[in-house]
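Report on the following structure.
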Amino acid sequence: MRTLDRFMLLASAGLLIGAAQAGVLDDARRSETVRIGLDHVPPPYKAGMKFRTPENIATVLAEDLATQWKGKADLQPNTQDRAALKGVRPDVMLTRVDPAQTGAADLITVSTGYSAGAMAIMRTDTTIRKWEDLQGRTVCVSAGSPYVGTLSARYAAIEKVMPAPADALLALRTGQCDAAVHDDTLMKAMLKLPEWKKFSAQLAPVSRRALVLQVRGNDPADLAVARQAAAKWNDAFWANAIKKWVNNVAFEVYLDQNVPDCH
């Protein structure tokens, strides 16, 4: 075989191998669409609907990822067995995991810097002193919350699932619920607002989970890209994201509270 022919053959083989090993995130960039798996995908906003801040703060990261990678976020629900990561959808996944949990061998897992546990908040004159006191009491949670189902199963609470965090917190303020349960990272910031002083009774957080970014682990370049994106989620980023979430939800509650706080 002539030298030129051999060179062309090797070059073609190299291109095919490179294409076969192309990173997931490279494909996302080329398509200008980033398929992002979330534990809960909020319903799309439609004209005439009340705007509601999503329960899952991972949506903030999803939008930021799409911006960083110059594409559009295509939000998809995560599968329970995570099998979707072995196929073509989604490209990346944002999910909560036990900090002590060992990830699957075929996944790249990158910390986002966010973690939270379940925290119950109540009126300051509540008789609820411990989680077990929730037995037979009405507890509000928002749709898509990781705590849906766990409160009834673990504490025999009567769960009232509301469309969004603002709805759950509004129900607490108007006496429809004895407690509301949400991420402690967000609720601790919420309770710093003066209008929430009357509802600052709380139960210590349980079931802490870390929010992580996961990518299929078949391309080392993906790890670098994922880490580069996550590096921007520093303390300042999270302080701003949490403040914005809290202020938005508090404002939504304020706008809808047509009756005084239940006494």
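Taking 0.36 nm per residue of sequence separation and removing the Cα-Cα distance, the Arg208/Asp256 pair yields an extension gain of 14.2 nm. In straight-distance terms, cross-link reach from Lys130 covers every one of the lysines whose alpha-carbon lies under 27 Å from its own, apart from those fewer than eight places away in the same chain; here that gives Lys160, Lys188, Lys192, Lys197, Lys198. The simple spin-label model puts a point 7 Å past each Cα toward its Cβ; for Asn247 and Lys72 those points are separated by 2.9 nm. In plain terms, the residue of Arg173, Arg154, Arg209 with the fewest other Cβ atoms within 10 Å comes first and the most crowded comes last, giving Arg154, Arg209, Arg173. Each residue of segment 236-248 was assigned a 3J(HN,Hα) from its phi angle through the Karplus curve 6.51 cos²θ - 1.76 cosθ + 1.60 (θ = phi - 60°); the sequence is 5, 4, 5, 4, 5, 5, 5, 4, 5, 4, 4, 4, 5 Hz, with glycine and proline shown as x. Here the spin labels are modelled as points 7 Å beyond Cα on the Cα-Cβ line, and at Arg129 and Val161 they lie 3.3 nm apart.
The numbers here are math on the coordinates, done by the rules we state, and not lab data. No experiment lies behind these values; they were computed from the predicted model shown. Here the Cβ is made from the backbone with ideal geometry for all residues, glycine too, and neighbour counts use every protein chain on show.
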